[in-house]
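Worksheet: the structure to be examined is printed underneath.
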Amino acid sequence: MKLVRWFVLLAYLALAAAPLAWMALSSLKRRDDTIAPHAKFLPASSAVDDSASPWFEATLAAYRDLGAVHAGAQESFLGHLGSSVVIGLLSTVASVALGTCCAYGFSRFRVPGAKDWLFFVLSTRFLPPLAVVVPVLIMYRALDLQGTHLGLIVLYTVFNLSLAVWLMKGFLDEIPRAFEEAALVDGYSRGQAFLRVVLPEARTGMAVTAVFCLISAWNEYGFAMTLNSSGAVTVPAYFAGLQGNIEGMPWPQIAAGALVFVAPITVFTVLVRKSLLRGMTFGTIKQ
Amino acid sequence: MNSSAQTGRGLAWALVGPTLALLVAFNIFPLVYNIVSSFTNAELIGGAWRSVGGANYARVFEDELFAGALRRTALFVVCAVSVELALGFVLALTLQRDFKGKQVVLTTLLIPMMLSPAVMGLYWNLVLNGNYGVVNQALSALGFDPPQWLTDRDYKFWSILLIDVWMWTPFMMLIALAGLNSIPTSIYEAAQIDRASPWKVFTRITLPMCAPVLGLAVLFRATDALKQFDLVMAVTGPNDAATQTLSTLLYQVVFRDGSVGLGAAFSCVILVLVIALATVFTRYIDRVQSKDVNA
Amino acid sequence: MKSTLWSVCALLALGLSACSGDTSSPTPSGATTASASKPSIKIWWFQWDPATGLQELGREFESETGIAVEVQQIPLASYQEKVFLEFGGSRTNFDIVIGDSQWIGRGASSGLYVELTDWLPTVVDLATIHPRAAKYLCEYPEGSGRWYAAPCETDAVGLAYRKDWFEDPAERSAFQARFGRELSVPATYEEFRQVAEFFQRPDAKRYGCAMPSDRNYDGLTMGVQNLLWAFGGRWKDEASNKVVGHLDTQGTIDAIEFYKTLMKLGPKGCERLDYGQVLESFTNGSTAMILNYFAFFPGIQAQFGDKVGFAVVPSHEGRRVASLGGQGLSVSAKIPREQQEHAKRFIAWFLQRRVQERWITKPAGFTANSEILASPEFRAKTPYNAPFADSVDAMRDFWNVPAFNKLLAVTQRYVGMAVDGEMPTAEALKKLALEKERILKEEGLL
């Protein structure tokens, strides 16, 4: 039984990690080596002449090229990464701020129809982006928000509110009311109690919420490709937009870029690993 | 007291108001826009709208294209969710006990889930390429005659499913693991005293006790898989008859063909389905939460 | 009702931006805004060699006139959507768009392209523009004398082959022994298939032929239609636009069936190659022959030197038609007047004989100037110029009506199903013909 367990686990681990390992290898290649008819899977430190050999010369050129503008693009990968960072971070801050306030309202006050409102908030997440993107596009055209950082920031903020509200409500519910009541007795106003007593207690929850808002904004593609097709282009839309490139896809740069792109997300996820599941299920499962 | 309750209510609305208003606005405007334009010949570029009555809806219901996309999406959701659930559950069983390096293994397993589907879909084009892709080279070297994963009409749909399984099995695993961990060890001990067979323990204790949490997992994945867009766009594009899903067909209709009216009618039909699903979902969450099954 | 809701949304969106503490102003999308100091124009084209050549000419224009030119290159797969998303806004990011030939119907009838009918004859002698280029690249409706674009790149599908393989004595005698004739550049599709079959050696990673077959934009359609016309098929009745009874005929069926057999004689996965991938299958040295646009051939020539040869597309029973490529320069109607004047000034400059002479020296700069095309110097200048000039006389285009994109999408879908064997060819064409007539009726074109 134990043997079977290990076998299953290791077999899956190997299969699941293989594409990632291949990506890491590809990021060290030159383009010709990524599409060679004889797979190159062994990095070597010097040039390899034999085209049928599994060895390839490892190089960091792809990482260096991340700052270069590729044919068919207007900006380098780093430029697009900048857009992703600005849009991801600001929308995350906004979602967490609004979501925390809203969740606090639902957690501590009697809001008429609270349950219905909460489920309405959750249900907004079910809508396929493609079903609402045209009206949003029309709206953004009128407001001149198409192709701007601000446009996607607003959209991702709204898009992530359901997550932020649900997660934060769970975290706030866990903070004992006695804390605030004590503060009120001490002469704090409601607002002061919220800011000075509740928020510090909710720090962890806010961090977890922020990570999950960031992930979904970071990886979003449907809105990004349609609303920001030629300005403030984020990384997923940038890479996908290279398809049909006459010089072919720059595979080493894509591999290197994808690794750089996922690195911060991985770090954040490890930091909040204890609340990972909670974040992924909108707080409906509290590990 | 009365005035404090008043300010309390005011404060409550001040807290929840902005968020709710934003969500209502960003949902109601598209809804109204879609409903109105679905009865017109609206195009992406300019031109005044002209009413076409129910013609767009007639096309949605008659044209095989839409029914096909719906069927394909349903198949995708069912297959993706069940395979991921089964695989994830098995993995969770292997990870139930603690061992050295478990955190490292877990983190590695979770990485695919954090990747951008649009970028990964693109990258799998390289891995599964029929000519120089590493998968086919390896299979050929082992003596198989590998298929054309991304271009053969019998395979491309399943290849996309495979990528989805690779990305999202960890999610199911994580949830299943939480479910397993929430079962008190005392129950297992009692079963041991009763000399229940391992199979019986699994079917009578482990599965039923995990079921509510797994139900949540299924619903979360199903709503996500229903929106499948990024992978299909990256692998075959929106106009491939063998892989067209609801979202990619919408993209094709609206952004390639420019038929906003027809797309809106289709969106409204999808919306009805989504609302139905959302109702099931929210009821279920409500039930699970009120029972407070999660530890 | 709608407008109230809309303004509510607008207010909320703005309110939120204030809440979020985001003070960064939106990045200016109209980068072309003519600053008082230095006028400039922006041109959009897809990403390929001719665009690089045009950028070089743009710098010459700038030194002569002081108006800066920026050519922005966008990969083909998303080019159409990006351009039309721009046109949907109040002002386009580009001043000149080099739109695919078939977009002209939509551009002209939706008022997106500035009409050039009265202006163009004042800057160029229209008689010097090759009649096929004028008809397909510049006028809408075809041959109506109403101009919405000036010719920029003229292009057609041609054949590139590995001359060194064709001339290899061992290959020649093996071919002679197998097929009883000499190995030569194929003049007909039958010969083309024979040669492809001969060179198809997957074990040695050597393949017979490759041609456009991608489903994403227009690859498959452009690849198939070379055969379609040669085999006696057609997209429509030229006079009446009727499709049923014209598209679903034996000639079209034969063409697609033949195309299917060619898909077995290429590199693996050759049922879905975009233009770049067709090119790649040749430049990686694995494929004997490709059918692709002439604009890609100078790059091949530069890489392979005299190991490569070029020819016109094969024929069938004496019929030879090449898929038209190429694009015209159109001025966006959604830019300020002043910018339109700068754009026109560039077009006028570009069309001069002396600049066209410069244009043909650029990589893949192919002119529509019939005097240059007919000149012996042009034909002798490169190995691909003569077959190119001959192809221009044989080129034809797909639909270019405003509903082009819808017609293209259904064509790609149904022809794709036929090629993949998902549906019998005859049935697929019947359905395609009905679909097309439905679209044409909706658009009032039938």
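Every read-out reported here was derived from the displayed coordinates using simple, explicitly stated rules and does not represent laboratory data. Just so it is clear, the structure is predicted and the values come from calculations on it, not from any experiment. For neighbour counting, all protein chains shown are included, and Cβ atoms are generated from backbone atoms with ideal geometry for every residue, glycine included.
Structural remarks
- Each residue of the stretch A:186-193 was assigned a 3J(HN,Hα) from its phi angle through the Karplus expression (A = 6.51, B = -1.76, C = 1.60, θ = phi - 60°), giving 6, x, 6, 7, 3, x, 5, 4 Hz with x at Gly and Pro.
- P(r) tail fraction, the stretch A:140-209 - alpha-carbon pairs more than 19 Å apart, %: 52
- When chain C is treated as a Gaussian network with alpha carbon springs shorter than 10 Å, the biggest mean-square fluctuation among C:208, C:276, C:245 belongs to C:245.
- Long-range HN-HN contacts of residue C:329 with modeled amide H, under 5 Å: C:150, C:152
- R0 of 22 Å, Cβ-Cβ distance residue A:273-residue A:10: FRET efficiency to nearest 0.05: 0.55
- Viscosity 0.692 mPa s, 37 °C: Kirkwood-radius Stokes-Einstein D of chain B over Cα pairs, µm²/s: 144
- Under 13 Å from residue C:430, Cα to Cα: aspartates and glutamates that are on another chain or at least 8 residues apart: C:248
- Chain C - mean residue ellipticity at 222 nm from DSSP helices (-39,500 (n - 2.57) per run, n ≥ 4, rounded to 500): -13500 deg cm²/dmol
- With θ taken as phi - 60° and the Karplus curve 6.51 cos²θ - 1.76 cosθ + 1.60 applied, the whole-hertz 3J(HN,Hα) list for the stretch C:234-248 is 7, 7, 6, 7, 4, 7, 9, 6, 5, 10, 4, x, 10, 6, 7 Hz, x standing for glycine and proline.
- Within chain A, helix-based [θ] at 222 nm, where runs of 4 or more DSSP H residues each add -39,500 (n - 2.57), nearest 500: -20000 deg cm²/dmol
- A simple charge model with +1 on the Cβ of Lys and Arg, -1 on the Cβ of Asp and Glu and nothing else charged puts the dipole of the stretch B:61-202 at about 500 debye relative to its Cα centre.
- For chain C, the longest principal axis of the C-alpha atoms and the axis of helix C:425-442 are separated by about 20°.
- Put a dot 7 Å past the Cα of residue C:59, heading toward its Cβ, do the same for residue C:446, and the two dots end up 5.1 nm apart.
- Under 20 Å from the Cα of residue B:156 - lysines, other chains or at least 8 residues apart: B:227, C:260, C:264, C:268
- Estimated D of the stretch C:66-193 in µm² per second, where Rh is the Kirkwood radius over Cα pairs and Stokes-Einstein applies at 4 °C, 1.567 mPa s: 70
- In degrees, nearest ten, helix A:2-26 long axis to first principal axis of chain A (Cα): 70
- Here chain C is treated with +1 on each Lys and Arg Cβ and -1 on each Asp and Glu Cβ, and its dipole about the Cα centre works out to around 380 debye.
- Residue-normalised convex hull volume from the C-alpha trace of the stretch A:2-59: 95 Å³ per residue.
- Longest exposed-site-free window of chain B, the sites being chymotrypsin sites (Phe, Trp or Tyr not before Pro) in a DSSP loop that have at most 16 other C-beta atoms within 10 Å: B:145-295
- Annotation: amide H-H contacts under 5 Å for residue C:334 (H modelled 1.01 Å from N, sequence separation of 5 or more, or interchain): C:92.
- For residue C:44, net neighbour charge (Lys/Arg +1, Asp/Glu -1) across residues whose Cβ lies under 14 Å away: -2
- Once the gyration tensor of the Cα atoms in the stretch C:151-287 is diagonalised, the equivalent ellipsoid follows with semi-axes of 29, 18, 14 Å, ordered largest first.
- Inverse mean reciprocal Cα-Cα distance (Kirkwood Rh) of the stretch C:31-103, Å: 13.0
- At R0 = 56 Å, FRET efficiency that the Cβ-Cβ distance of residue C:206 and residue C:352 yields, to 0.05: 0.75
- Projection of the Cα convex hull of the protein assembly as shown, averaged over all directions and equal to a quarter of that hull's surface, yields 46.3 nm².
- What the Kirkwood sum gives for the stretch A:69-280 is a hydrodynamic radius of 18.9 Å, with every pair of different alpha carbons counted.
- Dividing the radius of gyration of the alpha carbons in chain C by their Kirkwood radius gives 1.01 for Rg/Rh.
- Remark: spin-label model distance residue B:142-residue A:41 equals 1.0 nm, labels positioned 7 Å along the Cα→Cβ axis.
- Cross-link pairs exceeding 18 Å between alpha carbons, from the set A:40/C:205; C:42/C:362; C:406/C:441: C:42/C:362.
- Think of each Lys and Arg Cβ as +1 and each Asp and Glu Cβ as -1; about the Cα centre, that makes the dipole of the protein assembly as shown roughly 2940 debye.
- Taking the charge dipole of chain A about its Cα centre, with +1 at Lys and Arg Cβ atoms and -1 at Asp and Glu Cβ atoms, the residue from A:252, A:265, A:192 reaching farthest to the positive side is A:192.
- GNM on chain A, alpha-carbon springs under 10 angstrom: the most fluctuating residue among A:251, A:218, A:166 is A:251.
- In this structure, residue B:100 and residue A:178 have a Cβ-Cβ separation that, at R0 = 35 Å, corresponds to a calculated FRET efficiency of about 0.25.
- The string of couplings for the stretch C:334-349 from the Karplus curve (6.51, -1.76, 1.60, θ = phi - 60°) is 9, 9, x, 3, 4, 5, 4, 5, 4, 4, 5, 4, 5, 5, 4, 5 Hz, one whole number per residue in order, with x for Gly and Pro.
- Partners of residue A:115 within straight-line reach, counting aspartates and glutamates whose Cα lies under 12 Å from its Cα and excluding those fewer than 8 residues away in the same chain: B:286.
- Taking the C-alpha atoms only, the angle from helix C:49-65 to the longest principal axis of chain C is near 40 degrees.
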